[in-house]
Structures are given as structure tokens and as C-alpha cells.
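What follows is a single structure, written as C-alpha cells, with notes after it.
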Amino acid sequence: MARIGVYVCHCGTNIAGTVDVAAVRDFAAALPGVVVARDYQYMCSDPGQDLMRKDITQMGLDRVVVASCSPRMHEPTFRRALEGAGLNGYLLEMANIREHVSWVTAGVAAATRKAKALVAGAVRRVALHQPLEERYADVTPQALVVGGGIAGIEAALKIADGGFRVHLVEKEPSIGGQMAKLDKTFPTLDCSACILTPKMVAVAQHPNIVLHTYSEVERVDGFVGNFRVTIRHKARSVDMQKCTGCGTCWSKCPYTAPSEFDEGLGKRKLIYIPFPQAVPNKPVIDRERCVKFRSGKCGACQKLCPTGAIDFTQQDELVEESFGAIIVATGYSLLDPGRGPWGYGRYPNVLTALQLERMINASGPTGGHVQVQDGGTPRAVAILHCIGSRDQNYHEYCSNVCCMYSLKLAHLVKEKTGAEVYNFYIDIRAFGKAYEEFYNRVQNEGVYFIRGKGAEVGSRDGRLLVRCEDTLLGKYREVPVDMVVLSPAMEARPDASHLSQVFGIQRSADGFFLEAHAKLEPLKTATDGVFIAGACQGPKDIPYSVAQGAGAAAEVLRLLSAGRVTISPVVAQVAAEICSGCRACLPICPYNAVSYDEVTKVARVNEALCKGCGTCVAACPSGALSVSHFRTPQVLAQIEEVLAV
Amino acid sequence: MNQDFEPKILGFFCNWCSYAGADLAGVSRLKYPANLRIVRVMCSGRVEPTMVLKAFACGADGVLISGCHPGDCHYQQGNYKTLRRVPLLERTLAQFGIHPARFRLTWISANEGQKLVQVVTEMVEEIKKLGPFPGTRARFPELAPHLSGATVIPGGAIPAPGGATTTVGVPGATLVAGGETHD
């Protein structure tokens, strides 16, 4: 007979406020096999754990049930407590009477009854638990960072400086991300390129960094410590070895297309580098538009290239590499404001903030001049905050950075043109260090602030007209301007859904990647060894993204330095004497961990590959398969008891 | 409809999405009826049909399986296996006379605490309308000893209502055919 100890946690009033813990304790004490049942203020505290350890030693307990919070929270804590008293950590079962009972149930009677049911299930189940030994696997001492924006760059540099090899994969022809497009950064007004490009160059020159630009991650297999990753090098049509980046090809290419980097305001050639400071400084051919690819004519770049680097026949290349850990830092997209009533796409002088950013930039399409369509200087400029953010029709969330960059743009426009600048805002969120001070500065510079969302942009007498409800005056207003700048919402990238499946990351309702815990695990994901950093998790500014990149690098360095990872002992086994060799389990396993032994004519599980989902077990018609810690008798016993109360 | 009737619903929730979703409902202090009792499994694909039958045999008035949304499975495809298994199970349940509203498969992500509340509330309402499941335990008290533990009753002959004999060979679960009439 098992000797079980049951510990019912009050969690202050979190549990005890709704659940009659004394009643649950007394109920538990009467269950078969229970030697001792106690309730305690905070079981996770040191005295709480001591209480449990003392009972294990003094009363000879061989099983423990903790009725407290979610096992997803404190199962490791209590497992360690058991181990501290010499008991195997898997001889523990938790009853989740906080998240699943006290916090979600109205009424003490109903909550107490449900808590009793869960405790009864846990007691019956734990009696059938078996001690399990954790296993270890070596860690491949190399990391993968996906996304070459500021978060990914920071992460890659930190890991590389830590002495480990890093592969940095970037979808675009150059690293740099969205930050490379910015002119100045708030609130210090330091030049974005000036602080970013040295980091980009450091990436290119670092002996520990392998850079894959114009590349995408195609497939991820394996698990923490040992991921097998397939990377697709998209055909650049340029031999990276031969190319010296001399620029002859892109200066001689006779055709142009709208520049993505200049947000469509400027032109680029069809063989091009995205921007002058691109890393690597080697071009790519836009195969969709290139005349050589469309009609077979031209080929000027190939004829003129002094090193013979142009290769029109180049194919995509698949590279396979092993990694111990992965950081996903794939960034964000901006909402397309053409969907809304703000005149974007209808009036040429309605721009996005990023377009204005390019216009202000000295190396941008207008050479740094803020100008309207006909080349003139605007006399009045409106900046509309919250375009698609904090808006039930688009995104409910706040995009976090728009207030501050709108203030920055207001300052820059004022400085460059002397125009009247109107900010249409809901409220100003200047939450960061020196942000409020910057807001005050911009106000003192004579920028106008109208508290009311820019509801619609129309036109009258050749000028643009912003309509809004001024909520301070309580009046409807129409403000005539020459240029409207929209601050669109940051949103999840269109490929976020695809990437979430490739890397096994969950997403939150807003489409961004979901962290393992909102407060305590902001960089981890549900998949061990896969971390997230930067705006792929949600809207953030540069300092926050950099901090996350560095934080994710610390997570990776922790894994790589340890050299080995613990692997859950929850794996499937085959009882060879029962197995009929029907092979129903083989195609079920997503990890190819089950194989058929031709000699013994039975199925066999490779424990190194098995991740313990138990899907094969449910498919076995003869009951030969089982999965440790979730054995059929264990689960059935729990079901029976949970329903008995 | 019996106003006092509080159905017992057994939930099989996968560790990664649905169990986390139920945790989120808790953290967010969303309230839902206390009728749901959740058993954690690593993947919805782990849920054997036997477990569902066992739950009904042990007095569940409803059973809910919940996993990650298709495509989001922590184990790549476990929930697809569940998705393919469930129609077979549903046919079996129908043959046992279990009303379809008593069994549900749903997808709840780690972020969908609100969806859990909605699913449970709906299910409780529907099952309250149906009344208690006339489970084996209640109708055949003499079988109670056979229902305890994870016993295997291979091919046991059990008298069904109306005098006919049905042979049941479900490991760990004992059920009798001829239950509720479906609407």
C-alpha cells in the first residue's frame, strides 16, 4: 500500500478565499493510502517545502500530492522538494485547485467540491506512479538566429562573443531590418544608421557568425540541444564568392522598379543592393522583373561584370545544419492603411510614417527634403496617431512606438520645413526613459496637439482636410494641411502563421508569437530550445528589442555552455510479448521514433527520438504500447476518482 | 429539466495548448461553471477511446477532449490523429446510446481562456437539458465492483435492458448498449 502525503495550499487567499481548504484536507486524509494530509499558507515557500520533506523522512511517505497551482507553474519546484528528501520526483502529482478551481469558480461549495474531486483523482493516480530517471543529451554547440533585424543582430553578436558559433538567417538580401530604414531615433535623435551599421559590419566580420542572407528556414526537426534545420538559400543570381560588390552591375542595369527599402518612394535597379550600407554588399537580381529572365534579352550586368559573378542559371540551394538552440526574431509588418478612410493610396500627399522617414533621410529618395508631390515644401503637416491601433476595426492593442516616433517626426518636419505640424492623438504614451521629457520639448517647439483621432482624410480646394472630433474642445474640426502622415499599427508578419508551425511556436490572438509565460518567461516558447526576441512577439521599440535580443542570447548561452540538456523521461515503450507486430503505430509517430524489428517481428521505440506525446499508445490495438507517467491504468484511475466526488 | 442537476464533465486537455488555455482562464479570473474536471494529457492524441468510455462508465454526463488548433500541435500532428479518431469514437458512442451532445472535441489554444469559458458554458447548458447520463453505475449497481479500478473485462457478457445480451470487450470500461434515444 502506498504511503501518500497530501498538501493543500492556501496560496494566501488565492485558493483559501474560495476553497474550504480545511474541508479538502480532511477529505484527503480519509482517502485510501493517505498517511498525512495538511494545509499550509504557501506550499511553494521554503517552510512549505520543509514541511513536506520532514514528513517524507519522518513518516516514510513514498508518494506526494500537492493541491495548489498549475503543474505548469510549480511541478519542477515540488519535484525538487521530493528529491531533496530522497524521493524520486515523479512520485508527485499536483491537483490544480487554483487556476482550474478557485480562480474560475463562483461559490465556495462548488469550488470545494471540485477541489476535492481533483485531489481524489490525484491521490488515486499518484499511487500508481513509478519512479522515473531523467536522461541527458549532448548539446550541439551552435545556435541559429532567424531574422537579421536589430534584435537578431544583437542576439547573434552576443552569442558569437560568448564563444559559440551562430548562423544568422535573413530573408532579405541584406541584414538591418526595419531599423535600417529609420532616419533618427527617439528620444535622443541619434542617427539610426550610425548606430546600426557598425553592428551590421561586426556581424559580417565576426569569425563566429555564419551569415545566410536572402535565405529562409524551410524545416526544423529534432529537439532542444539537437535541432536539424534546413535552410534555403534563394537563388541570388550572383556568385557570392566571385562578386566584389564593385557596383558596376547595378549602375549599368537599364531598368528600374520601386525600391522596397524606400517604401516605394524611390527606384532601384533590377540588379540591386537594397541600400548603400547593405551587408553583405552584394547584389541580387529581381528575377520577377528582370528582362533577361522575362524575355532572354539584355544581360547587361553579366556582360559588364569584371569578375564574371553573374549567374542566371543559379538554383536555390538547401543547406542542412545542426543547432543546439534557436532564436526567432522575425520582426513585424505595418498595417496597410489603404484599407481605411485616411486617403492613403488615393491622395499622393498621404504618406506612412516609414515613407516620411525615408524622405527625411539624407540618402533617401528626395535627398532629405520633405516635399509634397509637386516638389514644394508643405506649409502644414498632419500626423495621425493610432492608425489601426487601439481600434476595434483593426487591432485592439496599442502599437507601443507610434506616439514616440510621431513626436520625433513632428520635431524633424518642423526643423526641416518650419511647417505647422498637427498631431492628432487619442492620448500620448511617453512611457520610457526620457520620453516624457522629449514630449515636453516637442510641445515647446510649437507643434500642435489635437486630442482626437484623425477620423478621415478628404480634400478641399486642392489641400488635404483632416476631420476629427477634438475631444478637449468637444467640437468637430476640419484641419486643412498639405501633407498627412499616418502612423500605422505594427502587426504580425503575414508569414507568422507559417513560421509558427515551422518552429513550433504558439501565437496569441493578435497574431504575434506567444511567450511561455507573460511575466517570467518572456523569451521562451512552448518548444524547449526555441526562443523569441523583438517585435515578432509584439510591438516594441529599439531598446526593448535590443534588450530582448541580448536576453535571448543569454538563454542560448546558458544552454550551449551547459553542454547537455535534460530530457523528459516521459517516453513510450513497447511490451514485446504483447505486441502483435501490426505496425499501426509506425505511421502515427510524428518523429519516426517507432520502428519495426524484422527479426523479432515487433515494434520498437527509439527513446532518443520519442517525445512522449503518447499518440502511438492510443492507436495500439493490442495495448502493447505505453507511455511512462501517462500509463493507461494511471489515467483511468484518475478519471474514475475525479468523477466519484 | 431538473434545475438541481449539475452534470459532471470530464475534460481531457493537452498540456501545451488547452491545459495552458485553462490556466490562462484562471489567471484572468474568468468564471465558468464548476462542472468541468480536467485531466491533463501531453497531447490530445494520447486520449484512447477507452478513456472516454471509461469516463461515461464512471458517471460522467459529458466528455470534452481539447487540443491545440490543427497545425499548431506541439507534437506536429497529434491533434490530426485525434481528429481522425473521433468520428469513429462518435459512432461507437452512438451505438452505446450516448447522445452526441455529451461528447465534444474542441481546439483551445494557450491564449483562448475565453473560448474555454464559452465551450464549457454551452456544454453544461446542453447537458442540463438532456439530464443525467444514465450511466452503467447508476443503472446496474450490481456491476459496480467491476467498474472500480482499471480492470480489464475481456468479452464479458452483460445483460442489456430488455433482456438481450450484449458482449462488451472494452478494456477498462464497461458499458451497456441501449441508452438514450437521440433527438
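Matching residues to (1) among the hydroxyl-bearing types (Ser, Thr, Tyr); (2) part of a loop (DSSP other than H, G, I, E, B):
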{"residue": "A:Cys585", "(1), (2)": "no, yes"}
{"residue": "A:Arg604", "(1), (2)": "no, no"}
{"residue": "A:Ala608", "(1), (2)": "no, yes"}
{"residue": "A:Cys613", "(1), (2)": "no, yes"}
{"residue": "A:Ser622", "(1), (2)": "yes, yes"}
{"residue": "A:His629", "(1), (2)": "no, yes"}
So in segment B:30-39, with the set limited to residues that are within 7 Å of another protein chain (Cβ to nearest Cβ) and in a strand (DSSP E or B), which one is nearest to A:Lys116 (Cα to Cα)?
B:Arg37
Note: among A:Leu643, A:Leu559, A:Leu636, just one is free of Cβ contacts under 8 Å to residues at least 12 places away in the same chain, crowded, with 20+ Cβ neighbours inside 10 Å and either more than 30 Å from A:Lys199 (Cβ to Cβ) or more than 14 Å from chain B (Cβ to nearest Cβ) (or both), namely A:Leu636
Of the conditions (1) free of Cβ contacts under 8 Å to residues at least 40 places away in the same chain; (2) in a helix (DSSP H, G or I); (3) buried (at least 21 other Cβ atoms within 10 Å of the Cβ), A:Ala122 clears all except one; give me its number.
(1)
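One line per residue, one yes/no per condition, for (1) crowded, with 18+ Cβ neighbours inside 10 Å; (2) among the basic types (Lys, Arg); (3) more than 28 Å from A:Ser508 (Cβ to Cβ):
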| residue | (1), (2), (3) |
| --- | --- |
| A:Ile387 | yes, no, no |
| A:Lys416 | no, yes, yes |
| A:Val421 | yes, no, yes |
| A:Arg467 | no, yes, yes |
| A:Glu478 | no, no, yes |
| A:Met483 | yes, no, yes |
Collect the residues in segment A:95-115 that are at the interface with another protein chain (Cβ under 7 Å from one of its Cβ atoms) and touching a Lys or Arg at 6+ places or on another chain (Cβ under 7 Å), keeping them in residue-number order.
A:Trp103, A:Val104, A:Thr105, A:Ala106, A:Lys114
Looking only at segment A:280-331, and only at residues there that are open to solvent by less than 50 Å² (accessible area, probe 1.4 Å) and among the polar types (S, T, N, Q), the one that is farthest from the chain's Cα centre (by Cα):
A:Gln314
Residue satisfying condition, being open to solvent by 30 Å² or more (accessible area, probe 1.4 Å), among the aromatic types (Phe, Trp, Tyr) and at negative phi, within set A:Tyr136, A:Tyr90:
A:Tyr136
Please go through segment B:107-122 and give me each residue that is outside any helix (DSSP H, G or I), buried (at least 18 other Cβ atoms within 10 Å of the Cβ) and facing another protein chain (nearest Cβ under 9 Å), ordered by number.
B:Ser109, B:Ala110, B:Glu112
Residues that are without any contact (Cβ under 8 Å) to a residue 40 or more places away in the chain and out of contact with any Leu (no Cβ under 8 Å at 6 or more places or on another chain): does segment A:60-70 have at least one?
yes
Across segment A:10-33, what is the total count of residues that are on the phi > 0 side of the Ramachandran plot and over 44 Å from the mean Cα position of the chain (by Cα)?
1
Per the filter on segment A:594-632, residues more than 10 Å from chain B (Cβ to nearest Cβ), surrounded by 21 or more Cβ atoms within 10 Å (Cβ to Cβ) and under 31 Å from the mean Cα position of the chain (by Cα) are A:Cys610
Determine, yes or no, whether B:Asp23 is acidic (Asp, Glu) and facing another protein chain (nearest Cβ under 7 Å).
yes
Kindly indicate the residue of segment B:1-14 that is in contact with a helix residue (DSSP H, G or I) (Cβ under 9 Å, 6 or more places away or on another chain) and open to solvent by 10 Å² or more (accessible area, probe 1.4 Å) and also farthest from the other protein chains (Cβ to nearest Cβ) among those meeting that condition.
B:Met1
Answer residue from segment B:64-105, given it is hydroxyl-bearing (Ser, Thr, Tyr), in contact with a Leu (Cβ under 9 Å, 6 or more places away or on another chain) and crowded, with 21+ Cβ neighbours inside 10 Å and is nearest to the other protein chains (Cβ to nearest Cβ) among those:
B:Thr82
Scan A:Ala489, A:Ala434, A:Ala410 and give me the residue that is open to solvent by 20 Å² or more (accessible area, probe 1.4 Å) and either on the phi < 0 side of the Ramachandran plot or out of contact with any Gly (no Cβ under 8 Å at 6 or more places or on another chain) (or both).
A:Ala434
Looking at the structure I just gave you, is A:Val570 open to solvent by less than 30 Å² (accessible area, probe 1.4 Å), facing another protein chain (nearest Cβ under 9 Å) and touching a His at 6+ places or on another chain (Cβ under 6 Å)?
yes
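The values are calculated or read from the model by the stated rules, or taken from the named source; none is laboratory data. Note that the coordinates shown come from a computational prediction; the quantities given were computed from them, not determined experimentally. All Cβ positions, glycine included, derive from the backbone under ideal geometry; neighbour counts span all protein chains shown. Note: areas computed on protein heavy atoms with side chains; ligands, DNA, RNA excluded. Shrake-Rupley method; radii C 1.70, N 1.55, O 1.52, S 1.80 Å.
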